[in-house]
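The values are calculated or read from the model by the stated rules, or taken from the named source; none is laboratory data. Since the structure is predicted, the reported quantities are computational estimates derived from the model, not experimental observations. Here the Cβ is made from the backbone with ideal geometry for all residues, glycine too, and neighbour counts use every protein chain on show. Quick note on the areas: whole protein, heavy atoms, side chains included, nothing else; ligands and nucleic acids left out. Shrake-Rupley method; radii C 1.70, N 1.55, O 1.52, S 1.80 Å.
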Amino acid sequence: MIIVLILSLFMNKSLHAIDYVAELKSSLAQFNTINNTSAQNQCNDPKSKISKGCRKRYESMFRDPVLNISVGFGYFDHEAPSPVVHDVYMRFAFVEMITKKPCPPKISACGFQRSPDDADKFFKEIINPWGKKHRVELSLTTGALSNNNSFNTNASNINRQLKFCEEATQRFMNHVKKGDEVVLYVGHSRDGGAPDFCPPKLLKNGRRDYPFYRSQRPGHKRMMAALEEAKALGKSSEIIGMLSCNTLKHYLNPYTEKANKTGLILSNNETLSQDQLRNLFGSIDSVLAQRCEEGFAQSVKHSGFMSLKNVFPREMK
Amino acid sequence: VKKIIIFLSFVSMSCFSEQVPEWVQEVRLSQQEGKEANADQELKLIKGINKTVIDNLNPESVYLHEAINSSSIIHDKNFVEPLLKVAQSEKVDLLQRSMAISVINQLSTADQLKLVLTTYSKICPFDKPVSAVLKLACLNIYDRFPSELKGRDLVILLDDESYELRIEVINKVSLLKDPKMKEQILGKSLGSSPYQLRLRSIDEIKKLPTDQRLNLKVMLEKCKSDSNDLVREACRKI
C-alpha cells in the first residue's frame, strides 16, 4: 500500500518526461471540457454574445490576410549530469501533434501541412471571425544542434552550435520585429535573461551562471530592442506568450511598457517542460479556435500557474 | 474484502495526487531551472524512494511509466538491471521499452554497454511507421556506441516522414567510420528536403578530406543552383 501511495504522487505529473508525445496526447482529453465560447464566425452576427474584448482582439488579429504564429524552442538543457536537451524532444512531439490528420475531436491545433522544403514552416486554413477562409502560417525556431548537450558543446561542435543558436535568436527576434500576430516561447527563463536559444553560460563548478544572466539579461535586452522596433513600425504582436518559469515576475512590466496593446501569457511560478509544451499547444489551439476569456484561460492552465494579461482587455468590453 | 482494499487504494491515491507534498514538487522543479543550491539536498530526499522505483521497474507493474520517468532523474545505477528486463520484455509496449533503453543509456557503465546494445538492436524500429520521437531516442544510443552505427539505418532515416529526424541523421554522420557510406549519406542529403538538411550536410562536407569532397563534385555543382538562397550561398563558398 505504501508503495502504491508513494508512486501515486507521480500519477498526475511525471518527473522528467522524455515521452512528450504521450504527455501531449494525455492532455487532449481536457480540451473536451473547455468553454468553447469563440469569436469564430461571430463578427458578422449582431446578436453575438461574445465580449467586446474578445471580438476586438480577434478582429485585430485577423486583420492581415495571413495569421502568423511564431514559436521559439529555447535551449532547454537539463541539470547535469544528464546531457538531455529537452527542446528537441519537445519540438518532435509538437510537430507530431500539429500535423496530425484528421484532427482529434474539439482540437484546432492540428492538420497543419508542412512546407515541402522548409522544416520550420507549417500552413493551414481556418475560418476567421467573419466566416471566411484564412491562412495561418506557423514558424518554429530551435537553437539546439541536437538533443545531446555533450555533443553540442564539445570542442568540434561548439562553434557551429553557437553560430546556429545565434541565427535562431535572430530569426526569433525578426518574427517579433515584423509583428507576427502570435509569438510564443518555451525553454529556460535564465532568471530573467531569456529568450535564450544557446547552451547555458556556466560557472567553473559546472552550474549555470545565474549571476551573469541576472546582471546581463542577454536575451531580454534583444527582446526589448525587437519589441521597441515593432512598436515604432506600428506592428506590435497581438499576443506574446513567455511560457517558461516565472515570466510574470521577469517580463510583465518591461513588456507592457514596450508593447502596451499586446496581450501577454506569463507564468507565475516555475513550470515543468511538459507543462510548457501543453500550454504552448493550448495557446495555439485557443488562438485557432478563437476562444474567448474563460476558454483561453482553461487551455493554458497546465501546472496552474499561467496568467493572461491584457489578452482580452477590460476596456474593450 | 478485495473490493474494499481496491476502493481504499483508489481513495488514498486520489487524495495524494491532489496534495503533492512540497518536497516532491521542489525536486521536480530542481530538474528544470535554477534552485541548484538546494538540488543536491532535494535529490537525497528523493533517493529514499529508490527501492519503490526498482520494485515498479517491472513489466507487470501498472506504475511502470512513472517508475521509468522517476529513474531518469534519480540516476541510480541499480536501476540498470531492472530497466534492461523492462526493455527486453515483450509484454511492455515498444515506446516504454525504448524509453527504458534511453534511461539505461544515461546510467550505464562501459561494461554494461554491450548488453544494452544487444537489447536495443532488437527493438529499434527505424523502418517502421512509428513516432519520430521514439526513433530519435533509438538513434541517440549510437553516441555511446559509435562503432555499431550502421550507415544503412541512416540512409533509411533520410527518407523518414519527419524532417526533424532527417536533420538529426546528419549529427550522426561523423560517427561513421566507412568513408564511402559517409559520402553516400551526405550526397543523398544534399539532394533531399528540407533545405535545413542540405545546409547541415554542407557543414559536414566541409569537414571531409579533399579527395572525398571530389567524389561529391557533381552534387556540389548542382547545389550551386539550389532553389534555396542559403544553400546556394553555402555551396558556392565550399
*Ignoring ligands, DNA and RNA and using a 1.4 Å probe, state the total buried accessible area between A and B in Å², rounded to the nearest 100.*
5600
_Reachable lysines from A:K301, criterion Cα separation under 20 angstrom, eight or more residues apart if same chain_ = A:K13, A:K25, A:K106, A:K249, A:K309
*Would you give the gap between the C-alpha center of segment B:130-172 and the C-alpha center of segment A:181-211, rounded to a whole Å?*
28
*Give the long-range amide H neighbours of A:E79: residues separated by 5 or more places, or on another chain, with amide H under 5 Å away, using H modelled in the peptide plane at 1.01 Å from N.*
none
*What list of ³J(HN,Hα) couplings, whole Hz, do you get for segment A:227-244 from phi and the Karplus terms 6.51, -1.76, 1.60, once you set θ to phi - 60° and write x for glycine and proline?*
5, 5, 5, 4, 5, 4, 8, x, 10, 4, 5, 6, 9, 10, x, 9, 9, 7
*How many Cβ atoms of partner chains, on average, are near each residue of A:199-206 if near means within 10 Å of its Cβ?*
0
*For A:N310, enumerate residues with amide H under 5 Å from its amide H, sequence gap 5+ or separate chain, H modeled in the peptide plane.*
A:L264
_Accessible area of segment B:98-196 belonging to carbon and sulfur atoms, whole % at 1.4 Å probe_ = 53
*Using only the C-alpha atoms of chain A, find the volume of their convex hull and express it per residue in Å³.*
148
*Pick out which of A:R207, A:R91, A:R55 has the largest mean-square fluctuation in a Gaussian network model of chain A, springs linking Cα atoms closer than 10 Å.*
A:R207
*In the neighborhood of A:I126, defined by Cβ-to-Cβ distances under 11 Å, what is the net charge if each Lys or Arg adds +1 and each Asp or Glu adds -1?*
+3
*Round to the nearest 10 and give me the degree value, 0 to 90, for the angle of helix A:52-61's Cα axis relative to the longest principal axis of chain A.*
70
*Which whole-Hz ³J(HN,Hα) couplings does segment A:251-268 yield from phi under the Karplus relation 6.51 cos²θ - 1.76 cosθ + 1.60, θ = phi - 60°, glycine and proline marked x?*
10, 4, 5, x, 5, 4, 5, 8, 9, 6, 9, 7, x, 10, 10, 9, 9, 8
*asked:* Just to be sure I understand the model, the point goes 7 Å from the Cα along the line to the Cβ. What's the resulting B:R152 to B:K128 distance in nm?
replied: 1.9
_Candidate lysines - alpha carbon under 20 Å from A:K177, same-chain residues fewer than 8 apart omitted_ = A:K121, A:K221, A:K231, A:K235, A:K258, A:K261
_Against the empirical 2.2 N^0.38 Å scaling, what ratio does the C-alpha Rg of segment A:207-302 come to?_
1.16
*Quick one: pull the percent of accessible area on segment A:172-317 belonging to carbon and sulfur, 1.4 Å probe, ligands and nucleic acids left out.*
49
*Mind jotting down the distance between the C-alpha centroids of segment A:243-317 and segment A:119-147, whole Å?*
19
*asked:* I'd like the GluC sites (Glu not before Pro) in segment B:73-165 restricted to DSSP loop residues with at most 14 other Cβ atoms within 10 Å, sorted by number.
replied: B:E90, B:E161
*What ³J(HN,Hα) values, in whole Hz, does the Karplus curve 6.51 cos²θ - 1.76 cosθ + 1.60 give for segment A:144-153 when θ = phi - 60°, with x put for Gly and Pro?*
8, 5, 8, 8, 10, 4, 5, 5, 5, 10
*asked:* Using the basic label-point model (7 angstrom from Cα toward the beta carbon), what is the A:R135 to A:N253 distance in nanometres?
replied: 4.2
*Counting partner chain Cβ atoms within 10 Å of every residue's Cβ in A:119-130, what's the average?*
1
